[in-house]
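Enquirer: Pasting a structure below so you can have a look.
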Amino acid sequence: MTALTRLLFPVPALRRSPEMIFAWWESRRPVYNLIVGGTGLVTLASISVIGLLPPHPPLQVPWQAVVLYGVLANVCYSFGFAIEALLERLWGNDVAPAGPLLFRQGLAFGVGLTLLPIGLAWVGYLVALGKMILG
């Protein structure tokens, strides 16, 4: 089993307590931050490159927005533990552990949301280019 497979499709424990669920989520937080943060660096670099293209639209991301986004991404990540613990409390062993599914979906959403500004930057660039061409 590869490291990626173990991360995204772990074999769940049969008996789980809130502490075990919390530890499971927290053991994956550094990887989540690394993936979403790396995606953020790709986004910032892409926006910078788009801003270098003529007509040089003013595309800048304030550092405060980057920090706020990172904090909010981690707050949202924490909801994964809360949701899984709630499901475990409501249904116990009657439902399969939801953590791996929640983690995969949250990771995909976080990466997609982090890449969204690249598309917005392209729209801004095309608007600026259109204004330049049309006078």
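Enquirer: Any idea which of N93, N74 is of a type in the set (S, T, N, Q) and open to solvent by less than 90 Å² (accessible area, probe 1.4 Å)? Break it down into steps so the answer makes sense when it comes.
Expert: Working: N93 fails: open to solvent by less than 90 Å² (accessible area, probe 1.4 Å).
Just one listed residue meets the conditions, N74.
Enquirer: Read through the list (1) aliphatic (A, V, I, L, M); (2) touching a residue at least 24 places away in the same chain (Cβ under 8 Å); (3) closer than 30 Å to L129 by Cβ, then give the number of the only condition that L52 fails.
Expert: (2)
Enquirer: Do the conditions hold for G51, that is, is it under 16 Å from L113 (Cβ atoms) and assigned to a helix (DSSP H, G or I)? First the steps, then the outcome.
Expert: Details: under 16 Å from L113 (Cβ atoms): no; assigned to a helix (DSSP H, G or I): yes.
Spelling it out, it is not the case that G51 is under 16 Å from L113 (Cβ atoms) and assigned to a helix (DSSP H, G or I).
Enquirer: On to the next question. Quick one: which residue in E88, E84, E26, E19 is at pLDDT 95 or above, farther than 30 Å from L126 by Cβ and among the acidic types (D, E)? Walk me through it before giving the result.
Expert: Values: E88 fails: at pLDDT 95 or above; E84 fails: at pLDDT 95 or above; E19 fails: at pLDDT 95 or above.
From the options E88, E84, E26, E19, the qualifying one is E26.
Enquirer: Further question on the same structure: Tell me yes or no: at least one residue of region 104-111 is in contact (Cβ under 8 Å) with a residue 60 or more places away in the chain, part of a helix (DSSP H, G or I) and open to solvent by 80 Å² or more (accessible area, probe 1.4 Å).
Expert: No.
Enquirer: Assess whether N93 counts as being within 14 Å of the chain's Cα centre (by Cα) and assigned to a helix (DSSP H, G or I).
Expert: Working: within 14 Å of the chain's Cα centre (by Cα): no; assigned to a helix (DSSP H, G or I): yes.
Judged against the criteria, N93 is not a match.
Enquirer: A further question on this structure: Picking from A13, A82, which residue would you name as being farther than 14 Å from G110 by Cα, open to solvent by less than 60 Å² (accessible area, probe 1.4 Å) and out of contact with any helix residue (DSSP H, G or I) (no Cβ under 7 Å at 6 or more places or on another chain)?
Expert: Numbers: A13 fails: out of contact with any helix residue (DSSP H, G or I) (no Cβ under 7 Å at 6 or more places or on another chain).
Of the residues listed, the single one that is farther than 14 Å from G110 by Cα, open to solvent by less than 60 Å² (accessible area, probe 1.4 Å) and out of contact with any helix residue (DSSP H, G or I) (no Cβ under 7 Å at 6 or more places or on another chain) is A82.
Enquirer: Name the residues in region 32-55 that are open to solvent by 70 Å² or more (accessible area, probe 1.4 Å), among the β-branched types (V, I, T) and within 24 Å of F79 (Cα to Cα), would you?
Expert: Those that are open to solvent by 70 Å² or more (accessible area, probe 1.4 Å), among the β-branched types (V, I, T) and within 24 Å of F79 (Cα to Cα): none in region 32-55.
Enquirer: Determine if region 123-131 includes at least one residue that is modelled with pLDDT of 95 or more, under 24 Å from V36 (Cβ atoms) and surrounded by fewer than 16 Cβ atoms within 10 Å (Cβ to Cβ).
Expert: yes
Enquirer: If you take the residues of region 56-66 that are open to solvent by 80 Å² or more (accessible area, probe 1.4 Å) and not aromatic (F, W, Y), which of them is farthest from W122 (Cα to Cα)?
Expert: Among residues in region 56-66 that are open to solvent by 80 Å² or more (accessible area, probe 1.4 Å) and not aromatic (F, W, Y), the one farthest from W122 (Cα to Cα) is Q64.
The values are calculated or read from the model by the stated rules, or taken from the named source; none is laboratory data. Nothing here was measured: the structure is a model prediction, and the numbers come from that model. Using ideal geometry, Cβ is built from the backbone for each residue, glycine included, and neighbour counts are taken over all protein chains shown. Areas reflect the complete protein model, heavy atoms only, side chains present, ligands, DNA and RNA absent. Shrake-Rupley method; radii C 1.70, N 1.55, O 1.52, S 1.80 Å.
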